[in-house]
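Here the structure is laid out as structure tokens; the discussion comes afterwards.
The values are calculated or read from the model by the stated rules, or taken from the named source; none is laboratory data. A quick note: this is a predicted structure, and the numbers were derived from the prediction, not measured. Note that each Cβ is placed from the backbone with ideal geometry, even for glycine, and that neighbours are counted across all protein chains shown.
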Amino acid sequence: MTGPRLPDGFAIQVDRRVKVLGEGSALLGGSPTRLLRLAPAARTMLDGGRLEVHDAVSAQLARTLLDATVAHPRPATGPSHRDVTIVIPVRNNASGLHRLVASLRGLRVIVVDDGSTVPVQQADFTDMHCDVKVVRHDRSKGPAAARNTGMATCDTDFVAFLDSDVVPRRGWLEALLGHFCDPAVALVAPRIVGLREPVNTVARYEAVRSSLDLGMREAPVVPYGTVSYVPSAAIICRRSVLKEIGGFDETLKSGEDVDLCWRLIEAGARLRYEPVALVAHDHRTQLREWFSRKSFYGSAAAPLAVRHPGKTAPLVISGWTLVVWMLLMMGSSFGYVASMVVAAITGRRIAKSLSTVETEPKEVAVVAAHGLWSAALQLASAICRHYWPVALAAALVSRRCRQVVLVAAVVDGVVDWVSRNAKADEDAKPIGLFTYLLLKRIDDIAYGAGLWTGVVRERHLGALKPQIRT
């Protein structure tokens with residue numbers, strides 16, 4: 001996939017997790033993982049993993065590496081804050097709205113009141129240091145319709161959508177706007193963190209495991225990637241591209257942000273997740289509301305599966321790797337031996353795919369082991385989250401299934417706890433392993449319940465169908 005030429009001065013940096021093979025002749029990494037072979041001229045230009053665009057050739061190489069998801073942009077300059085209008089959809093959240101608008105000094109703001117019981121008034125913002133315009137829906141049409149109304153009202157090149165329960169942190173806008181110096185970029189999103197100091201156990205869990213927090217690593221937004229979508233609680237879009245695809249889908253009650261991302265990608269646009277930019281969100285931390293919200297998120301998968309076949313797969317895994325773990329789950333001598341044989345075949349297939357690159361046996365073994373471990377974590381997560389009703393039914397009738405489910409629940413929870421705590425903000429209050437495991441399982445039960453409810457409602461199994469690759 002090609003795109004418009006990158007401007008001179010634009011730079012890219014190879015992701016530090018990408019493996020350099022064959023003395024620089026190939027790169028292995030990205031999301032999803034791929035092998036990218038480099039011509040001698042490309043190796044010369046890619047000095048120290050960094051490339052700055054200065055002509056058509058370097059611009060094409062930079063675009064190729066970005067689209068292969070093995071490199072990240074280092075833009076020079078971007079649009080001004082004067083090129084952006086902030087759109088805030090709101091319904092019955094006056095306190096959150098005023099808190100947000102107060103943080104947007106010097107910016108152009110459109111508030112779309114989506115049928116609030118007490119209407120939002122223009123006079124409410126006379127003491128605010130920004131240009132505020134209020135538009136009202138007499139009856140609630142939903143957040144997607146409110147965002148579309150706001151977009152239709154503004155006339156700037158870029159539109160930022162902020163929900164009324166967020167507050168941007170300093171420097172957020174500049175960090176996001178820089179990405180738009182790439183003319184192919186249509187949407188950029190910040191990292192969403194907690195707004196308040198955690199006051200209870202659920203709040204401490206959300207501080208490290210919020211569904212809206214996509215982590216500390218910058219990434220392109222691509223299906224099956226590390227970041228496959230971004231939440232619409234805080235995003236900036238190129239207005240012309242958004243209008244071309246028809247804006248948000250107003251018929252979706254949930255998942256309209258995921259749908260928007262995927263339609264933009266299908267239209268050839270590039271999307272970025274930029275965790276340097278931070279926006280704080282007022283998380284739900286009461287157990288009942290929290291559980292309901294997690295279930296609500298799960299219910300979006302089935303409608304999305306109808307609109308975007310194959311992109312909502314709960315599991316994306318190699319068939320050979322799946323066989324290895326299925327044999328191990330049997331727990332028999334035959335299963336162990338057979339799994340080792342299949343693992344050896346998998347390693348040989350990987351070695352064959354790398355045969356055109358000078359690699360040592362150790363490098364092949366590391367790639368194979370990483371693939372097996374990643375697949376194991378995917379399986380454990382899917383068992384506990386997407387397929388837990390099936391796993392529970394199997395555990396009730398089979399001792400071996402009970403053992404598998406227990407191991408999956410512990411491994412998934414422990415690995416996730418270690419990973420999340422390692423990436424948590426320094427000021428985040430730590431959460432104990434046992435408490436984390438308990439809340440992680442409740443989180444998964446809620447999401448899975450919503451997922452299966454959506455599947456029954458839509459009468460469509462796409463959201464449960466794994467994608468098995470050869």
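How about the stretch 454-467: which of its residues are of a type outside the set (Gly, Ala, Ser), surrounded by 15 or more Cβ atoms within 10 Å (Cβ to Cβ) and not in a loop (DSSP other than H, G, I, E, B)? Scanning the stretch 454-467 gives VAL455, GLU458, LEU464.
Determine whether GLY246 is out of contact with any helix residue (DSSP H, G or I) (no Cβ under 7 Å at 6 or more places or on another chain), in a loop (DSSP other than H, G, I, E, B) and touching a residue at least 60 places away in the same chain (Cβ under 8 Å).
Taking the combined requirement at face value, the residue does not satisfy it.
For PRO183, indicate whether it is in a loop (DSSP other than H, G, I, E, B), in the same structural domain as GLY215 (by TED's automatic domain parsing) and under 30 Å from GLN60 (Cβ atoms). Taking the combined requirement at face value, the residue satisfies it. Just so you know, in the stretch 10-44 the residues that are without any contact (Cβ under 8 Å) to a residue 24 or more places away in the chain and surrounded by 18 or more Cβ atoms within 10 Å (Cβ to Cβ) include one that is nearest to the chain's Cα centre (by Cα), and it is LEU38. Summed over the stretch 196-227, the residues that are closer than 20 Å to LEU439 by Cα and not aromatic (Phe, Trp, Tyr) give a count of 19. The strands (runs of 3 or more DSSP E) falling completely within the stretch 1-62 that include 1 or more residues that are closer than 30 Å to ILE317 by Cα and in contact with a Lys or Arg (Cβ under 6 Å, 6 or more places away or on another chain) map to 11-14, 26-29. Residues of the stretch 415-440 that are in contact with a helix residue (DSSP H, G or I) (Cβ under 6 Å, 6 or more places away or on another chain) and not in a helix (DSSP H, G or I): ALA424, ALA428, LYS429, ILE431.
Within the stretch 217-247, being more than 20 Å from the chain's Cα centre (by Cα) and more than 24 Å from LEU65 (Cβ to Cβ) holds for ARG239, SER240, LYS243, GLU244, ILE245, GLY246.
Against the numbered list (1) without any contact (Cβ under 8 Å) to a residue 40 or more places away in the chain; (2) on the phi > 0 side of the Ramachandran plot; (3) not β-branched (Val, Ile, Thr), GLY331 comes up short only at (1).
Please go through the stretch 111-167 and pick out each residue that is assigned to a helix (DSSP H, G or I) and under 25 Å from the mean Cα position of the chain (by Cα).
PRO143, ALA144, ALA145, ALA146, ARG147, ASN148, GLY150, MET151
Checked against (1) within 21 Å of THR226 (Cα to Cα); (2) modelled with pLDDT under 85; (3) touching a Pro at 6+ places or on another chain (Cβ under 9 Å); (4) not hydroxyl-bearing (Ser, Thr, Tyr), HIS308 passes all but a single condition, namely (2). Applying the set (1) assigned to a helix (DSSP H, G or I); (2) within 27 Å of TRP320 (Cβ to Cβ) to ASP443 leaves exactly one unmet item: (2). Hey, any hits in the stretch 389-406 for a residue that's surrounded by 14 or more Cβ atoms within 10 Å (Cβ to Cβ) and within 25 Å of the chain's Cα centre (by Cα)? Looking through the stretch 389-406, none of the residues is surrounded by 14 or more Cβ atoms within 10 Å (Cβ to Cβ) and within 25 Å of the chain's Cα centre (by Cα). Selection of first residues in the stretch 222-233 that are at negative phi and among the aromatic types (Phe, Trp, Tyr) and of second residues that are crowded, with 18+ Cβ neighbours inside 10 Å and assigned to a loop (DSSP other than H, G, I, E, B), restricted to Cβ pairs under 9 Å at least 6 apart or on distinct chains, gives the following pairs, ordered by first then second residue: TYR229/LEU214; TYR229/PRO223; TYR229/GLY255.
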